[in-house]
Amino acid sequence: MLDGHADATVTGGWRSPEVRDALDLCLACKGCKSDCPTGVDMATYKAEFLAHHYAGRLRPAAHYSMGWLPLWASLAQAAPRPVNALLHAPVWGRLGKRLAGVATERDAPPFAEESFTQWWSARDGTPPDPGDERAVLLWPDTFTNHFHPGIARAAVRLLEDAGFRVAVPARPVCCALTWISTGQLATAARVLQRTVDVLRPWIAAGTPVIGLEPSCAAVFRSDAPELFPEDLDVERLAGLFRTLAEQLVGHAPEGWRPPVLNRRAMVQTHCHQHAVLKDDADRELMRRAALDAGVLDAGCCGLAGNFGFERGHHELSMDIGELGVLPAVRRASPPDLVLADGFSCRTQIDAGGTGRTAMHLAEALALGLDGPLPAEHPERAVERPAVPARDARLAGGAVAALGVLGGATAGAVLRHRRSAVRGPAGKDRAMRCP
């Protein structure tokens with residue numbers, strides 16, 4: 001592409017529209033990183049190309065809406081219920097999705113009324129210092145923190161049950177995944193550098209960092225070291241970052257055992273976990289919990305982060321899901337657990353007409369701490385944000401009313417100005433030169 005022959009098909013270098021269009025259909029699932037014999041990481045190639053292709057240029061709307069999701073999620077936390085209502089209002093929600101470059105067929109995931117970090121801040125107790133040998137730092141990723149905070153609360157229960165002392169970063173942090181996947185690498189580098197600054201005391205102390213969202217954990221194990229190949233703190237952080245299962249299986253005190261669930265489970269492994277993190281520890285943890293786990297070998301769920309949300313990708317996204325994951329979930333029996341640690345996987349399963357809600361492994365195990373699971377549809381015992389239909393209707397009506405009121409006010413002001421120009425006799429005032 002960069003040094004091709006004069007008769008090369010691809011011209012334009014980094015600005016090539018042909019390469020851009022070809023990479024548009026790359027899911028950035030990283031499956032090629034582990035499954036291709038050459039180990040080519042097309043997700044990284046795609047991010048690098050997009051960074052150069054749009055340098056100094058206006059980007060697609062989806063890069064600003066979904067690429068900057070951590071910022072929008074943080075702002076939405078000030079008033080999640082009105083934001084949810086507006087995003088799901090029949091007319092305005094659809095218009096907002098069009099403006100944001102999001103497929104109108106997709107429902108916006110609702111924000112939780114209370115984020116995990118808000119819950120944590122209100123919790124009693126003194127967090128451990130970095131030097132505490134039993135300390136673990138729980139990573140509050142954007143998806144868990146703002147959309148499914150119950151997963152992080154469940155992880156806190158499990159880690160404390162295993163004898164660990166849980167801490168959470170005192171200042172905002174982010175892995176920059178959404179900026180990386182949309183090729184906004186300069187911004188991603190700044191975000192990651194600020195995050196490393198926040199984590200530096202914990203890195204220096206060698207405190208394990210526990211990730212719950214596989215795609216975010218994969219950033220610290222793979223993408224961050226690639227962006228900062230000479231940064232020793234980034235390298236150390238990559239070695240300290242663990243999944244929940246890796247911590248509980250490999251580092252829990254001797255004698256600790258997870259709750260026994262005695263249940264079958266249908267498990268969808270996140271693509272980035274398959275490619276970067278692997279799921280050996282998860283399989284062992286499920287075995288110890290007496291879960292008869294059927295781990296799907298069906299490939300990507302089809303949503304693949306921002307891919308399935310982008311305008312023009314919805315049909316392909318669902319077709320990919322129908323190749324294996326969605327039919328398998330539909331075949332699951334009512335007593336079975338449906339487990340998917342990735343936010344994208346859970347979202348696709350929820351939206352795919354399966355009639356099931358996927359759970360994180362942490363949620364299933366935390367339920368087991370309270371006793372036997374519900375006989376059927378155990379996922380109904382976990383918390384998920386929802387938007388009351390009445391809220392969405394009211395939000396749509398309120399915005400419409402504000403529009404009418406604004407139009408009426410503007411009309412009145414315009415009529416007043418015209419009247420003032422015409423004067424009391426109804427005649428136009430002549431402009432006098434000085």
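Quick look at the values:
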quantity: Top-ranked residue in the range 141-168 [being over 21 Å from Val249 (Cα atoms) and out of contact with any Leu (no Cβ under 7 Å at 6 or more places or on another chain); ranked as surrounded by the most Cβ atoms within 10 Å (Cβ to Cβ)]; calculated: Asn145
quantity: Members of the range 207-234 found to be closer than 16 Å to Gln247 by Cβ, free of Cβ contacts under 8 Å to residues at least 60 places away in the same chain and open to solvent by less than 40 Å² (accessible area, probe 1.4 Å), listed by number; calculated: Phe220
quantity: Residue among Leu99, Leu27, Leu75 that alone is surrounded by 14 or more Cβ atoms within 10 Å (Cβ to Cβ) and on the phi < 0 side of the Ramachandran plot; calculated: Leu27
quantity: When residues of the range 78-88 are limited to those that are more than 18 Å from Ala351 (Cα to Cα) and open to solvent by less than 20 Å² (accessible area, probe 1.4 Å), the one farthest from the chain's Cα centre (by Cα); calculated: Ala85
quantity: Filter pass, Ala22 being surrounded by fewer than 18 Cβ atoms within 10 Å (Cβ to Cβ) and more than 14 Å from Gly183 (Cα to Cα); calculated: yes
quantity: Any hit, the range 12-21, residues being farther than 18 Å from Ala186 by Cα, assigned to a loop (DSSP other than H, G, I, E, B) and among the acidic types (Asp, Glu); calculated: no
quantity: Flag if Gly67 is more than 16 Å from the chain's Cα centre (by Cα), open to solvent by less than 30 Å² (accessible area, probe 1.4 Å) and within 22 Å of Gln348 (Cα to Cα); calculated: no
quantity: Check on Leu58, in a loop (DSSP other than H, G, I, E, B), open to solvent by 60 Å² or more (accessible area, probe 1.4 Å) and either without any contact (Cβ under 8 Å) to a residue 24 or more places away in the chain or in contact with a Pro (Cβ under 6 Å, 6 or more places away or on another chain) (or both); calculated: yes
quantity: Options Glu114, Glu160; residue that is in a loop (DSSP other than H, G, I, E, B) and either more than 15 Å from Val198 (Cβ to Cβ) or of a type in the set (Asp, Glu) (or both); calculated: Glu114
quantity: Enumeration of residues in the range 237-255 that are surrounded by 14 or more Cβ atoms within 10 Å (Cβ to Cβ) and of a type in the set (Asp, Glu); calculated: Glu246
quantity: Tally of residues being closer than 19 Å to Arg57 by Cα and under 32 Å from the mean Cα position of the chain (by Cα) across the range 8-25; calculated: 11
quantity: Members of the range 61-80 found to be among the polar types (S, T, N, Q) and either in a loop (DSSP other than H, G, I, E, B) or in contact (Cβ under 8 Å) with a residue 60 or more places away in the chain (or both), listed by number; calculated: Ser74, Gln77
quantity: Complete set of residues in the range 350-381 that are touching a Leu at 6+ places or on another chain (Cβ under 7 Å) and under 23 Å from Ala85 (Cα atoms); calculated: Gly352
quantity: Test: residue in the range 179-193 that is in contact (Cβ under 8 Å) with a residue 60 or more places away in the chain, open to solvent by 20 Å² or more (accessible area, probe 1.4 Å) and in contact with a strand residue (DSSP E or B) (Cβ under 7 Å, 6 or more places away or on another chain); calculated: no
quantity: The range 30-55, subset surrounded by fewer than 17 Cβ atoms within 10 Å (Cβ to Cβ) and assigned to a loop (DSSP other than H, G, I, E, B), residue modelled with the highest pLDDT; calculated: Ala55
quantity: Qualifying helices (runs of 4 or more DSSP H) (wholly inside the range 257-374; at least 1 residues being open to solvent by 30 Å² or more (accessible area, probe 1.4 Å) and closer than 24 Å to Trp68 by Cα); calculated: 314-321, 343-351
quantity: Criterion (on the phi > 0 side of the Ramachandran plot and not basic (Lys, Arg)) met by exactly one of Gly299, Gly308; calculated: Gly299
quantity: Helices (runs of 4 or more DSSP H) wholly inside the range 171-255 that include at least 2 residues being of a type outside the set (A, V, I, L, M) and in contact with a Ser or Thr (Cβ under 9 Å, 6 or more places away or on another chain); calculated: 177-181, 214-218
quantity: Residues being within 22 Å of Leu303 (Cβ to Cβ) and out of contact with any helix residue (DSSP H, G or I) (no Cβ under 8 Å at 6 or more places or on another chain) - total across the range 81-114; calculated: 3
quantity: When residues of the range 169-178 are limited to those that are open to solvent by 10 Å² or more (accessible area, probe 1.4 Å) and in contact (Cβ under 8 Å) with a residue 40 or more places away in the chain, the one nearest to Asp41 (Cα to Cα); calculated: Leu177
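The values are calculated or read from the model by the stated rules, or taken from the named source; none is laboratory data. For clarity, every value in this text was computed on a predicted model and none was experimentally measured. Methodologically, a virtual Cβ is constructed for each residue, glycine included, from the backbone with ideal geometry; neighbour enumeration extends over all protein chains shown. Accessible surface is based on the protein model in full, side chains and every heavy atom, while ligands, DNA and RNA are left aside. Shrake-Rupley method; radii C 1.70, N 1.55, O 1.52, S 1.80 Å.
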